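J.: Mind having a look at this structure? Questions to follow.
The numbers here are math on the coordinates, done by the rules we state, and not lab data. Everything numeric here is computed off the predicted structure, so don't read it as measured data. All Cβ positions, glycine included, derive from the backbone under ideal geometry; neighbour counts span all protein chains shown.
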Amino acid sequence: MSDLAFDPSRISDAVSKASSEFLIPTYRRYPVEFVRGENCTLWDVAGNEYLDCLAGLSVVSVGHCRGEVTAAVCEQMAKLVHVSNIFYTAPQFELAKRIHDLAGWGRVFFSNSGAEANECALKLARRYGNLSMNGATAVVSLKKSFHGRTMGTLAMTAQPEKHEGFEPMLGEMRYVESGDEEALESALDGACAVFVEVIQGEGGVLPVGTEYLKSVREMCDSRGALMVVDEVQTGLCRTGNWLAFEAHGFTPDIYTLGKALGNGLPIAATVARDDLAELMGPGTHGTTMGGGPVTSSAALAVLGVMESENLHLAAAQAGAALRERLEAIDGVESVRGEGLLLAAELEKSSAEVVEAALGHGLVVNAVTSTAVRFAPPLTIGTAEIDAAAERFEKSIRGAAA
Ligand SMILES: Cc1ncc(COP(=O)(O)O)c(C=O)c1O
C-alpha cells in the first residue's frame with residue numbers, strides 16, 4: 001500500500017460542480033471521489049489507494065464488492081427485480097427465517113433503511129401502548145442516542161442540535177441520561193417503550209454498559225413496557241457477537257437491523273416477539289420496496305458469508321488487535337467500543353487527524369470533536385490492521401493540534 005500526500009485532485013471537476021449546484025447541501029463532504037472498492041481497499045478518481053477503516057459507517061461488513069453478494073444480486077436481477085409486497089417472493093421469506101434463527105425468536109418486517117426499521121419499531125410500540133397498556137404511548141430514549149432522521153426517529157434521537165429548526169418534534173418523547181436509573185424510573189410513567197443502543201455509535205461510540213442495560217430490562221419488565229434495541233450500527237457480527245445485546249445477558253422485545261444487512265444495498269429489518277407481531281394486522285404498516293427479491297438475496301448472501309467465515313469471532317479478534325495497536329500510539333488517550341466498532345479518544349482535534357489520515361490513505365471519521373471512529377470491514381486482516389495503525393500514527397503526528 002502506498003503512502004499518499006493529500007492533494008485536491010481527488011475529485012473530478014464535473015462531480016464537484018454538480019454536487020454544489022444540484023444537491024440539497026445536507027453533507028459536509030471530504031474532497032475525495034471514490035470510484036472502486038475491493039474488500040478493505042478503496043480507490044479514488046485519481047487512482048490513489050485507501051485503507052477503508054469505516055466501511056461506509058459500519059455498512060460494508062463483508063468487504064467491498066464481495067463476490068458472493070455480487071453474484072447473488074446479479075443472479076436475482078436477471079430473474080426478478082420487483083413485485084409488490086401483496087405477492088410472495090422466496091428470498092424475503094428465506095431471509096425472514098434466517099433472521100428469526102439469529103436469536104431463535106422473532107418475526108420480521110423488512111424496510112429500506114435503519115430509520116425505517118426504527119419507525120416500524122416505534123409504530124409497534126405505540127400500537128402495544130394503545131392496545132395493551134391502556135393508552136400509555138410515551139417513548140423513552142437515551143441522551144446522545146441516534147435512531148435516524150425521519151420525524152419519528154429524529155424525535156427519539158436525543159441530540160437537541162439535530163432537532164433545531166425542525167420542531168415541533170413528535171410528542172411524548174422522554175430523554176434520560178444513560179446510566180441514570182432514577183430518571184428512567186420516572187420517565188417510564190405512562191411509557192410503552194424504551195429505545196436503546198448497546199453502543200451509541202453516532203453519539204461517540206459510547207458503550208451503555210451491561211449493568212444499565214440489564215436495569216432497563218428489569219424496569220421495563222416491572223412496568224410492562226417494551227425494551228427496543230437499535231442494532232442498526234452494532235448488529236450482525238460487528239461487536240464480536242451476532243447481535244450486540246447477546247454479550248450483555250438480556251433479551252429485548254424488539255430489535256432493529258440495517259447497515260450491514262445489505263452490505264451497502266438498502267435493506268433493514270424490525271424483529272419483534274411473536275405476540276407483538278400479532279398486534280399488526282394487514283394494512284397497519286407497509287412499504288413498496290422493503291424486502292424486495294434483490295436486496296433480500298443480497299442479505300442472504302451477506303449472512304452466508306458471515307456464517308461461513310465466523311465473522312463475529314473474526315471481529316472480536318481483529319478488534320482486540322486493532323485496539324492494542326491504537327492504544328500504543330502517542331496522542332491516543334484511550335480506546336473504547338467493542339469488537340470492530342471502536343473510537344480512539346485523542347489529545348487533539350479529531351477533524352484535523354481525519355483529514356490528515358485521508359492524505360495518508362486511511363479512511364476513518366470524526367465521531368466527536370476529539371474521537372475518531374474505526375469500523376472497518378470485518379474481513380480486515382493483520383497486515384491491514386498494522387498498516388491502519390501506522391497511517392493513523394502518522395496522521396496524528398502530522399495534524400495540527
Ligand atoms: C444506531 C442507528 N440507528 C439508526 C440509524 C439510521 O439508519 P439509516 O441511516 O439507514 O436510516 C443509524 C445510522 O447511522 C444508526 O447508527
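J.: Can you give me the Rg/Rh ratio for region 96-193, using Cα atoms for both radii and the Kirkwood formula for Rh?
T.: 1.00
J.: Compute the distance from the alpha-carbon center of region 330-365 to that of region 166-239, in whole Å.
T.: Answer, in whole Å: 27.
J.: What length, rounded to one decimal in nm, is gained on full extension from residue 57 through to residue 320, with 0.36 nm per residue of separation minus their alpha-carbon distance?
T.: Value of the extension gain: 92.7 nm.
J.: Ok, one more. Quickly work out the residue 13-to-residue 349 label distance, labels modelled 7 Å from Cα along the C-beta direction, and quote it in nm with one decimal.
T.: In this crude label model, residue 349 to residue 13 measures out at 3.0 nm.
J.: What is the angle, in °, between the Cα long axis of helix 311-327 and the longest principal axis of the Cα atoms in the chain? Nearest 10 is fine, range 0 to 90.
T.: Roughly 50 degrees between the two axes.
J.: Right, something else. Take the Cβ-Cβ distance between residue 310 and residue 75 as r, set R0 to 30 Å, and report the resulting FRET efficiency rounded to the nearest 0.05.
T.: 0.75
J.: Quickly estimate the mean residue ellipticity at 222 nm for the chain, helices only: each DSSP H run with n ≥ 4 gives -39500 (n - 2.57), and the total goes over all residues, rounded to 500.
T.: -12000 deg cm²/dmol
J.: Which three extents, in angstrom, do the Cα atoms of the chain have along their principal axes, listed largest first?
T.: Result, largest extent first: 62, 53, 44 Å.
J.: Computed from the mean reciprocal separation of all distinct C-alpha pairs, what Kirkwood hydrodynamic radius does region 169-254 have, in Å?
T.: 13.3
J.: May I ask for the longest run of the chain untouched by trypsin sites (Lys or Arg not before Pro) that are loop-located per DSSP and have at most 15 neighbouring C-beta atoms (other than their own) within 10 Å?
T.: 150-347
J.: Relative to the first principal axis of the alpha-carbon coordinates of the chain, what is the inclination of helix 382-398, with its axis defined by its Cα atoms, in degrees from 0 to 90 and to the nearest 10?
T.: 70
J.: In addition: So if each residue of separation counts as 0.36 nm, and I subtract the Cα-Cα distance between residue 45 and residue 185, what length gain in nm does that give?
T.: Answer, rounded to one decimal: 45.1 nm.
J.: Which residues make up the longest stretch of the chain that has no chymotrypsin sites (Phe, Trp or Tyr not before Pro) in a DSSP loop with at most 10 other Cβ atoms within 10 Å?
T.: 89-401
J.: Relative to the Cα centre, what is the charge dipole magnitude of region 67-308, using +1 at the beta carbon of each Lys and Arg, -1 at the beta carbon of each Asp and Glu, and rounding to the nearest 20 debye?
T.: Its charge dipole is roughly 620 debye.
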